[in-house]
1. Pulled fully out, how much extra length does the chain show between residue 148 and residue 29, if you take 0.36 nm times their separation in residues and subtract their Cα-Cα distance?
2. Once label points are set 7 Å from the Cα along Cα→Cβ at both residue 69 and residue 169, what is their separation, rounded to one decimal in nm?
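Any read-out appearing in this document is the output of simple, stated calculations on the displayed coordinates, not a laboratory observation. Just so we're clear, the structure is a prediction, and the values are computed from it rather than from any experiment. FYI the Cβ positions are ideal-geometry reconstructions off the backbone, even for glycines, and counts take in every protein chain you see.
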Amino acid sequence: MTEENVKEPHWPASLALLVCAGLYFVLPNRLVVGPRWMLPVLIVLPLIPLSVRKHRHTQEATWVRVTTLTLIGAITTANIVSMGLLVHHLLRAHVTQGRSLIYSAIAVWITNVIVYGLWFWEIDRGGPHIRSTGEVVYPDIQFPQMENPTLAPKNWHPKFTDYLYASFVNGTSFAPADAMPLTFRVKVLFAAESVVSLMTIAIVAARAVNILH
């Protein structure tokens, strides 16, 4: 497998980060800790130098991966905090602006799916910069095309959209479907995403009938 065959573009992940920034910016004040502009700014500003190159590559500086993982970690933490505040407000005896909270729950859930798709993309086999070498590395996530090469074109490799879909399925069914976690670190990520999704969906479902009545 040649390097040319496995180059991965920056823009899907950059777009995903921008969507997360937008979703956080529209959350109500009671689900945000600190200035609401802080996280979106911290996300958007590093995207400028990160997007200078069109593709992830093997010679990229260490700070690129460190910055990317730090951004994903910041979004993950902020979203978990928002989920905790959401659950707190939804479990209160007298809920005000219930519709707004339900809409916010949707934003939290979408952010959760996107951010864990980014985690899977950055973690699997050392990240896109390592995968671009075509070097044989033990996978952290097994896709059906890897188990049965006849299901995909020659030299097929997962792209960001494949990781995002795996995250969507895991966040919807609370269990992996086609993509299976193989290593401990990815199993932890799959479990963490399922917990946030379950808390968000279960609490909203439990309260939605009373709030919208």
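1. Between residue 148 and residue 29, full extension yields 38.0 nm more.
2. That separation, rounded to one decimal, is 2.7 nm.
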